[in-house]
Amino acid sequence: MSAIVADVVETSVKQTPRVLIGSGLLGVAVVLAALNLRPAVTAVGPELDEMRESLGATATWAGALTTLPGLCFAAAGLAAPWVAKRVGIGPSVTAALVLLTGGMILRVLDGQLIVLGGTLVATAGIALANVLLPVVVKESFATRIGLVTGLYTGALQAGGAFGSAVTPPLDDAFGGWRPGLASWAALSGLALVVWLAVARTRPATGHGADSPETTPRSFLRNRLAWIVTLFFGLQACLAYIVMGWLPQVFIDAGISRGEAGLLLGLASIIGLPVSLIVPPLAARTGTESWWILALCVCGFSGVLGVMAAPSAAPLVWSVLLGLGMAVFSLALTTIALRARTGGDTARLSGMAQGIGYLFAAAGPFLFALLHDLTGGWTVPFAMLLVVVAAQAVFGFMAGRPRYV
(Lines give C-alpha, C1' and ligand atoms only; values in the text may rest on other atoms or scores of the structure.)
Protein backbone atom coordinates (compact mmCIF):
# COMPACT_ATOMS: atom_id res chain seq x y z
CA MET A 1 0.00 0.00 0.00
CA SER A 2 2.81 2.41 0.81
CA ALA A 3 4.14 2.06 -2.74
CA ILE A 4 0.99 3.23 -4.57
CA VAL A 5 2.09 6.74 -5.41
CA ALA A 6 5.71 5.73 -5.89
CA ASP A 7 4.71 2.96 -8.28
CA VAL A 8 2.55 5.30 -10.33
CA VAL A 9 5.31 7.90 -10.62
CA GLU A 10 7.93 5.28 -11.43
CA THR A 11 5.69 3.53 -13.96
CA SER A 12 4.61 6.72 -15.70
CA VAL A 13 8.17 7.97 -16.03
CA LYS A 14 10.20 4.82 -16.65
CA GLN A 15 7.77 2.57 -18.48
CA THR A 16 5.58 5.06 -20.32
CA PRO A 17 8.04 7.24 -22.25
CA ARG A 18 5.45 9.88 -23.13
CA VAL A 19 3.85 12.53 -20.95
CA LEU A 20 0.83 14.77 -21.43
CA ILE A 21 1.50 18.20 -22.91
CA GLY A 22 1.13 20.76 -20.13
CA SER A 23 -1.04 23.25 -22.02
CA GLY A 24 -3.58 25.64 -20.57
CA LEU A 25 -6.34 23.45 -21.95
CA LEU A 26 -4.89 20.43 -20.17
CA GLY A 27 -4.92 22.48 -16.98
CA VAL A 28 -8.63 23.17 -17.56
CA ALA A 29 -9.22 19.44 -18.10
CA VAL A 30 -7.39 18.58 -14.86
CA VAL A 31 -9.41 21.13 -12.87
CA LEU A 32 -12.68 19.97 -14.47
CA ALA A 33 -11.82 16.35 -13.67
CA ALA A 34 -10.99 17.30 -10.07
CA LEU A 35 -14.33 19.10 -9.79
CA ASN A 36 -16.00 15.70 -10.29
CA LEU A 37 -14.08 13.77 -7.62
CA ARG A 38 -16.34 14.67 -4.68
CA PRO A 39 -19.98 15.28 -5.78
CA ALA A 40 -20.60 11.54 -6.22
CA VAL A 41 -19.90 11.26 -2.48
CA THR A 42 -21.25 14.50 -0.98
CA ALA A 43 -24.47 14.48 -3.04
CA VAL A 44 -25.65 11.39 -1.15
CA GLY A 45 -25.85 12.97 2.33
CA PRO A 46 -28.82 15.32 1.73
CA GLU A 47 -30.70 12.53 -0.08
CA LEU A 48 -29.98 9.74 2.39
CA ASP A 49 -33.32 9.79 4.22
CA GLU A 50 -35.30 9.88 0.96
CA MET A 51 -33.17 7.05 -0.45
CA ARG A 52 -33.70 4.91 2.64
CA GLU A 53 -37.45 5.50 2.61
CA SER A 54 -37.74 4.78 -1.10
CA LEU A 55 -35.62 1.63 -0.93
CA GLY A 56 -36.81 0.40 2.48
CA ALA A 57 -33.22 0.41 3.70
CA THR A 58 -31.83 0.42 7.23
CA ALA A 59 -29.33 2.81 8.75
CA THR A 60 -26.78 -0.01 8.57
CA TRP A 61 -27.25 -0.14 4.77
CA ALA A 62 -26.79 3.63 4.72
CA GLY A 63 -23.62 3.17 6.74
CA ALA A 64 -22.35 0.69 4.16
CA LEU A 65 -23.18 3.19 1.41
CA THR A 66 -21.21 5.96 3.10
CA THR A 67 -18.34 3.56 3.87
CA LEU A 68 -17.77 2.48 0.25
CA PRO A 69 -15.89 5.65 -0.83
CA GLY A 70 -13.24 5.18 1.82
CA LEU A 71 -12.78 1.51 1.01
CA CYS A 72 -12.45 2.32 -2.69
CA PHE A 73 -10.02 5.17 -2.04
CA ALA A 74 -7.87 2.72 -0.09
CA ALA A 75 -8.20 -0.35 -2.31
CA ALA A 76 -9.04 0.61 -5.91
CA GLY A 77 -6.04 2.92 -6.04
CA LEU A 78 -3.90 -0.24 -5.97
CA ALA A 79 -4.94 -0.80 -9.58
CA ALA A 80 -3.49 2.55 -10.68
CA PRO A 81 0.14 1.35 -11.15
CA TRP A 82 -1.06 -1.70 -13.11
CA VAL A 83 -3.32 0.38 -15.36
CA ALA A 84 -0.74 3.16 -15.85
CA LYS A 85 1.95 0.61 -16.72
CA ARG A 86 -0.11 -0.95 -19.49
CA VAL A 87 -2.06 1.91 -21.06
CA GLY A 88 -0.41 5.14 -19.86
CA ILE A 89 -1.52 8.01 -17.65
CA GLY A 90 -3.85 9.70 -20.18
CA PRO A 91 -5.92 6.60 -21.02
CA SER A 92 -5.93 5.67 -17.32
CA VAL A 93 -7.58 8.96 -16.38
CA THR A 94 -10.02 8.39 -19.24
CA ALA A 95 -10.90 5.00 -17.74
CA ALA A 96 -11.37 6.63 -14.31
CA LEU A 97 -13.82 9.20 -15.72
CA VAL A 98 -15.70 6.47 -17.63
CA LEU A 99 -16.09 4.47 -14.40
CA LEU A 100 -17.22 7.56 -12.52
CA THR A 101 -19.82 8.56 -15.12
CA GLY A 102 -21.12 5.02 -15.61
CA GLY A 103 -21.31 4.33 -11.90
CA MET A 104 -23.35 7.46 -11.17
CA ILE A 105 -25.87 6.42 -13.82
CA LEU A 106 -25.94 2.77 -12.74
CA ARG A 107 -26.61 3.46 -9.08
CA VAL A 108 -30.01 5.11 -9.70
CA LEU A 109 -31.45 2.34 -11.89
CA ASP A 110 -32.72 -0.13 -9.28
CA GLY A 111 -32.77 -1.21 -5.65
CA GLN A 112 -30.43 -1.41 -2.69
CA LEU A 113 -27.79 -3.69 -4.21
CA ILE A 114 -27.69 -1.73 -7.48
CA VAL A 115 -27.19 1.50 -5.54
CA LEU A 116 -24.30 -0.07 -3.66
CA GLY A 117 -22.84 -1.56 -6.84
CA GLY A 118 -23.10 1.67 -8.82
CA THR A 119 -21.53 3.59 -5.95
CA LEU A 120 -18.70 1.04 -5.88
CA VAL A 121 -18.05 1.58 -9.61
CA ALA A 122 -18.21 5.38 -9.34
CA THR A 123 -15.92 5.59 -6.33
CA ALA A 124 -13.48 3.16 -7.96
CA GLY A 125 -13.16 5.74 -10.75
CA ILE A 126 -12.62 8.46 -8.17
CA ALA A 127 -9.96 6.34 -6.44
CA LEU A 128 -8.03 5.89 -9.68
CA ALA A 129 -8.23 9.59 -10.51
CA ASN A 130 -7.16 10.54 -6.96
CA VAL A 131 -3.86 8.78 -7.58
CA LEU A 132 -3.36 9.59 -11.27
CA LEU A 133 -4.21 13.30 -11.53
CA PRO A 134 -1.40 14.42 -9.17
CA VAL A 135 0.99 12.48 -11.42
CA VAL A 136 -0.33 14.43 -14.42
CA VAL A 137 0.33 17.68 -12.54
CA LYS A 138 3.82 16.54 -11.56
CA GLU A 139 4.87 15.46 -15.05
CA SER A 140 3.08 17.99 -17.25
CA PHE A 141 3.31 21.17 -15.17
CA ALA A 142 6.77 20.84 -13.64
CA THR A 143 7.32 24.63 -13.58
CA ARG A 144 3.82 25.43 -12.30
CA ILE A 145 3.20 22.67 -9.79
CA GLY A 146 2.16 25.09 -7.02
CA LEU A 147 -0.38 26.93 -9.15
CA VAL A 148 -1.93 23.85 -10.72
CA THR A 149 -1.96 21.96 -7.42
CA GLY A 150 -3.75 24.90 -5.78
CA LEU A 151 -6.37 24.97 -8.53
CA TYR A 152 -6.71 21.18 -8.36
CA THR A 153 -7.22 21.21 -4.58
CA GLY A 154 -9.65 24.11 -4.82
CA ALA A 155 -11.68 22.27 -7.45
CA LEU A 156 -11.85 19.19 -5.20
CA GLN A 157 -13.25 21.24 -2.34
CA ALA A 158 -15.61 23.25 -4.52
CA GLY A 159 -16.95 20.04 -6.07
CA GLY A 160 -17.64 18.63 -2.62
CA ALA A 161 -19.53 21.77 -1.64
CA PHE A 162 -21.56 21.86 -4.86
CA GLY A 163 -22.51 18.21 -4.48
CA SER A 164 -24.22 18.73 -1.13
CA ALA A 165 -25.63 22.20 -1.78
CA VAL A 166 -26.99 21.75 -5.31
CA THR A 167 -28.38 18.21 -5.13
CA PRO A 168 -31.55 19.05 -3.10
CA PRO A 169 -32.64 21.71 -5.65
CA LEU A 170 -31.91 19.22 -8.43
CA ASP A 171 -34.06 16.69 -6.57
CA ASP A 172 -36.92 19.19 -6.46
CA ALA A 173 -36.46 20.25 -10.07
CA PHE A 174 -36.29 16.75 -11.55
CA GLY A 175 -38.77 15.02 -9.24
CA GLY A 176 -36.80 12.69 -6.99
CA TRP A 177 -33.45 11.53 -5.66
CA ARG A 178 -32.74 9.30 -8.65
CA PRO A 179 -32.64 12.03 -11.32
CA GLY A 180 -31.12 14.42 -8.77
CA LEU A 181 -28.12 12.13 -8.21
CA ALA A 182 -27.91 11.03 -11.86
CA SER A 183 -27.67 14.63 -13.06
CA TRP A 184 -24.09 14.79 -11.78
CA ALA A 185 -23.15 12.28 -14.48
CA ALA A 186 -23.60 15.13 -16.98
CA LEU A 187 -20.74 17.07 -15.36
CA SER A 188 -18.43 14.05 -15.27
CA GLY A 189 -19.39 13.28 -18.86
CA LEU A 190 -18.35 16.82 -19.81
CA ALA A 191 -15.03 16.32 -18.02
CA LEU A 192 -14.54 13.09 -19.97
CA VAL A 193 -15.21 14.81 -23.32
CA VAL A 194 -12.83 17.70 -22.52
CA TRP A 195 -10.16 15.27 -21.31
CA LEU A 196 -10.37 13.22 -24.51
CA ALA A 197 -10.13 16.41 -26.58
CA VAL A 198 -7.01 17.88 -24.95
CA ALA A 199 -5.00 14.97 -23.48
CA ARG A 200 -2.17 14.85 -26.02
CA THR A 201 1.28 13.39 -25.36
CA ARG A 202 4.90 14.21 -26.14
CA PRO A 203 8.13 12.26 -25.45
CA ALA A 204 9.30 12.40 -21.85
CA THR A 205 12.52 14.33 -21.30
CA GLY A 206 13.86 12.53 -18.23
CA HIS A 207 13.20 10.99 -14.90
CA GLY A 208 13.12 14.17 -12.92
CA ALA A 209 14.50 14.96 -9.52
CA ASP A 210 11.53 13.55 -7.72
CA SER A 211 11.63 10.05 -9.11
CA PRO A 212 11.73 7.38 -6.40
CA GLU A 213 15.03 5.75 -5.59
CA THR A 214 15.90 2.41 -7.21
CA THR A 215 15.70 0.62 -3.85
CA PRO A 216 12.58 1.87 -2.02
CA ARG A 217 12.49 2.29 1.73
CA SER A 218 9.68 0.73 3.72
CA PHE A 219 8.03 2.90 6.36
CA LEU A 220 5.98 0.12 7.95
CA ARG A 221 8.33 0.08 10.95
CA ASN A 222 8.82 3.83 11.08
CA ARG A 223 7.15 5.45 14.09
CA LEU A 224 6.75 8.89 12.55
CA ALA A 225 5.27 7.41 9.36
CA TRP A 226 2.61 5.68 11.43
CA ILE A 227 1.90 8.92 13.33
CA VAL A 228 1.37 10.73 10.02
CA THR A 229 -0.78 7.85 8.75
CA LEU A 230 -2.99 7.84 11.84
CA PHE A 231 -3.35 11.62 11.65
CA PHE A 232 -4.38 11.40 8.00
CA GLY A 233 -6.80 8.54 8.67
CA LEU A 234 -8.45 10.23 11.63
CA GLN A 235 -9.03 13.50 9.77
CA ALA A 236 -10.46 11.53 6.84
CA CYS A 237 -12.73 9.64 9.25
CA LEU A 238 -14.16 12.94 10.53
CA ALA A 239 -14.70 14.19 6.98
CA TYR A 240 -16.46 11.00 5.81
CA ILE A 241 -18.83 11.00 8.77
CA VAL A 242 -19.66 14.68 8.38
CA MET A 243 -20.18 14.42 4.60
CA GLY A 244 -22.29 11.30 4.94
CA TRP A 245 -24.37 12.03 8.03
CA LEU A 246 -24.47 15.73 8.94
CA PRO A 247 -27.48 16.52 6.70
CA GLN A 248 -29.45 13.60 8.19
CA VAL A 249 -28.71 14.79 11.73
CA PHE A 250 -29.92 18.30 10.85
CA ILE A 251 -33.02 16.92 9.11
CA ASP A 252 -33.88 14.84 12.18
CA ALA A 253 -33.55 18.04 14.24
CA GLY A 254 -36.26 19.75 12.12
CA ILE A 255 -34.12 21.50 9.51
CA SER A 256 -35.28 21.24 5.90
CA ARG A 257 -33.46 19.00 3.45
CA GLY A 258 -32.45 21.97 1.29
CA GLU A 259 -31.04 23.91 4.22
CA ALA A 260 -29.25 20.83 5.52
CA GLY A 261 -27.56 20.41 2.13
CA LEU A 262 -26.52 24.06 2.11
CA LEU A 263 -25.06 23.72 5.60
CA LEU A 264 -22.95 20.77 4.51
CA GLY A 265 -21.93 22.76 1.44
CA LEU A 266 -20.83 25.59 3.72
CA ALA A 267 -18.79 23.20 5.86
CA SER A 268 -17.11 21.87 2.70
CA ILE A 269 -16.36 25.20 1.02
CA ILE A 270 -14.78 26.76 4.13
CA GLY A 271 -11.78 24.52 3.53
CA LEU A 272 -10.99 26.33 0.28
CA PRO A 273 -9.70 29.66 1.69
CA VAL A 274 -8.13 27.88 4.65
CA SER A 275 -6.23 25.59 2.28
CA LEU A 276 -4.87 28.56 0.35
CA ILE A 277 -3.84 30.59 3.41
CA VAL A 278 -2.90 28.33 6.34
CA PRO A 279 -0.33 25.88 4.86
CA PRO A 280 2.05 28.64 3.65
CA LEU A 281 1.78 30.35 7.04
CA ALA A 282 2.42 27.07 8.83
CA ALA A 283 5.44 26.34 6.65
CA ARG A 284 6.97 29.70 7.59
CA THR A 285 6.70 29.00 11.32
CA GLY A 286 8.68 25.77 10.99
CA THR A 287 6.00 23.63 12.68
CA GLU A 288 2.41 22.79 11.78
CA SER A 289 1.53 21.49 15.24
CA TRP A 290 -0.21 24.56 16.66
CA TRP A 291 -2.15 25.22 13.45
CA ILE A 292 -3.32 21.61 13.44
CA LEU A 293 -4.32 21.85 17.10
CA ALA A 294 -6.28 25.07 16.49
CA LEU A 295 -8.27 23.53 13.63
CA CYS A 296 -8.87 20.36 15.65
CA VAL A 297 -10.29 22.46 18.52
CA CYS A 298 -12.70 24.04 16.02
CA GLY A 299 -13.75 20.62 14.77
CA PHE A 300 -14.20 19.31 18.32
CA SER A 301 -16.37 22.33 19.18
CA GLY A 302 -18.50 21.81 16.09
CA VAL A 303 -19.06 18.12 16.84
CA LEU A 304 -19.96 18.96 20.45
CA GLY A 305 -22.43 21.62 19.27
CA VAL A 306 -24.20 19.30 16.85
CA MET A 307 -24.28 16.57 19.50
CA ALA A 308 -25.78 18.81 22.18
CA ALA A 309 -28.14 21.10 20.22
CA PRO A 310 -28.08 20.64 16.43
CA SER A 311 -30.91 23.09 15.70
CA ALA A 312 -29.73 25.79 18.14
CA ALA A 313 -26.98 27.24 15.93
CA PRO A 314 -26.55 25.02 12.85
CA LEU A 315 -24.71 27.77 10.95
CA VAL A 316 -22.11 28.10 13.72
CA TRP A 317 -21.70 24.32 14.02
CA SER A 318 -21.24 24.01 10.25
CA VAL A 319 -18.57 26.72 10.20
CA LEU A 320 -16.69 25.07 13.07
CA LEU A 321 -16.91 21.66 11.41
CA GLY A 322 -15.69 23.19 8.16
CA LEU A 323 -12.68 24.65 9.92
CA GLY A 324 -12.04 21.28 11.54
CA MET A 325 -12.16 19.45 8.20
CA ALA A 326 -9.83 22.06 6.69
CA VAL A 327 -7.00 20.30 8.54
CA PHE A 328 -6.92 18.10 5.40
CA SER A 329 -4.68 20.68 3.73
CA LEU A 330 -2.24 20.51 6.63
CA ALA A 331 -2.34 16.71 6.52
CA LEU A 332 -1.10 16.87 2.92
CA THR A 333 1.45 19.54 3.83
CA THR A 334 2.72 17.41 6.71
CA ILE A 335 3.27 14.46 4.38
CA ALA A 336 5.49 16.60 2.13
CA LEU A 337 7.43 18.22 4.98
CA ARG A 338 8.14 15.03 6.95
CA ALA A 339 10.16 13.49 4.08
CA ARG A 340 13.59 14.56 2.80
CA THR A 341 13.38 13.29 -0.77
CA GLY A 342 10.80 13.01 -3.52
CA GLY A 343 10.86 9.22 -3.32
CA ASP A 344 10.28 9.26 0.44
CA THR A 345 7.45 11.77 -0.04
CA ALA A 346 5.79 9.47 -2.57
CA ARG A 347 6.07 6.43 -0.31
CA LEU A 348 4.91 8.29 2.79
CA SER A 349 1.96 9.68 0.82
CA GLY A 350 1.05 6.20 -0.38
CA MET A 351 1.20 4.76 3.12
CA ALA A 352 -0.69 7.65 4.73
CA GLN A 353 -3.44 7.77 2.13
CA GLY A 354 -3.74 4.04 1.48
CA ILE A 355 -3.77 2.79 5.07
CA GLY A 356 -5.30 6.03 6.35
CA TYR A 357 -8.30 5.86 4.02
CA LEU A 358 -8.79 2.18 4.84
CA PHE A 359 -8.86 3.06 8.53
CA ALA A 360 -11.17 6.02 7.91
CA ALA A 361 -13.64 3.91 5.92
CA ALA A 362 -14.76 2.15 9.10
CA GLY A 363 -15.89 5.45 10.61
CA PRO A 364 -19.21 6.03 8.80
CA PHE A 365 -20.22 2.37 9.17
CA LEU A 366 -19.50 2.37 12.92
CA PHE A 367 -21.30 5.72 13.25
CA ALA A 368 -24.40 4.28 11.53
CA LEU A 369 -24.23 1.04 13.51
CA LEU A 370 -24.15 2.92 16.80
CA HIS A 371 -27.13 4.99 15.65
CA ASP A 372 -29.03 1.79 14.78
CA LEU A 373 -28.20 0.16 18.11
CA THR A 374 -29.03 3.17 20.30
CA GLY A 375 -31.78 4.84 18.25
CA GLY A 376 -30.20 8.26 18.75
CA TRP A 377 -27.22 10.42 17.86
CA THR A 378 -25.56 10.88 21.27
CA VAL A 379 -23.43 7.73 21.28
CA PRO A 380 -22.30 8.08 17.63
CA PHE A 381 -21.24 11.66 18.29
CA ALA A 382 -19.45 10.64 21.49
CA MET A 383 -17.42 8.27 19.31
CA LEU A 384 -16.72 11.15 16.90
CA LEU A 385 -15.46 13.32 19.76
CA VAL A 386 -12.93 10.59 20.59
CA VAL A 387 -11.86 10.52 16.93
CA VAL A 388 -11.27 14.29 16.84
CA ALA A 389 -9.40 14.24 20.16
CA ALA A 390 -7.11 11.47 18.88
CA GLN A 391 -6.66 13.39 15.63
CA ALA A 392 -5.47 16.41 17.61
CA VAL A 393 -2.90 14.31 19.50
CA PHE A 394 -1.46 12.55 16.44
CA GLY A 395 -1.67 15.74 14.36
CA PHE A 396 0.28 17.70 16.94
CA MET A 397 3.02 15.03 16.91
CA ALA A 398 3.01 14.80 13.11
CA GLY A 399 3.39 18.57 12.76
CA ARG A 400 6.73 18.73 14.60
CA PRO A 401 9.75 19.44 12.31
CA ARG A 402 11.50 16.08 11.80
CA TYR A 403 11.82 13.47 9.08
CA VAL A 404 10.87 9.85 8.50
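The values are calculated or read from the model by the stated rules, or taken from the named source; none is laboratory data. What you see is a predicted model, and the numbers here were worked out from it, not measured in a lab. So basically every Cβ, Gly included, is an ideal-geometry build from the backbone, and we count neighbours across all protein chains shown. Note: accessible area is taken over every heavy atom of the protein model, side chains too, but ligands, DNA and RNA are not part of it. Shrake-Rupley method; radii C 1.70, N 1.55, O 1.52, S 1.80 Å.
Quick look at the numbers
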quantity	calculated
If the convex hull is drawn through the Cα atoms of the stretch 211-312, its volume per residue in Å³	157
Within the accessible area of the stretch 263-404 (1.4 Å probe), percent carbon and sulfur	76
Heavy-atom accessible area order for Y152, Y403, largest first, 1.4 Å probe	Y403, Y152
Convex hull of the stretch 287-374 built on C-alpha atoms - directionally averaged projected area, nm²	6.8
Qualifying trypsin sites (Lys or Arg not before Pro) in the stretch 329-403, DSSP loop, other Cβ atoms within 10 Å at most 14	R340, R402
Accessible area (Å², 1.4 Å probe, nearest 10) - W377	40
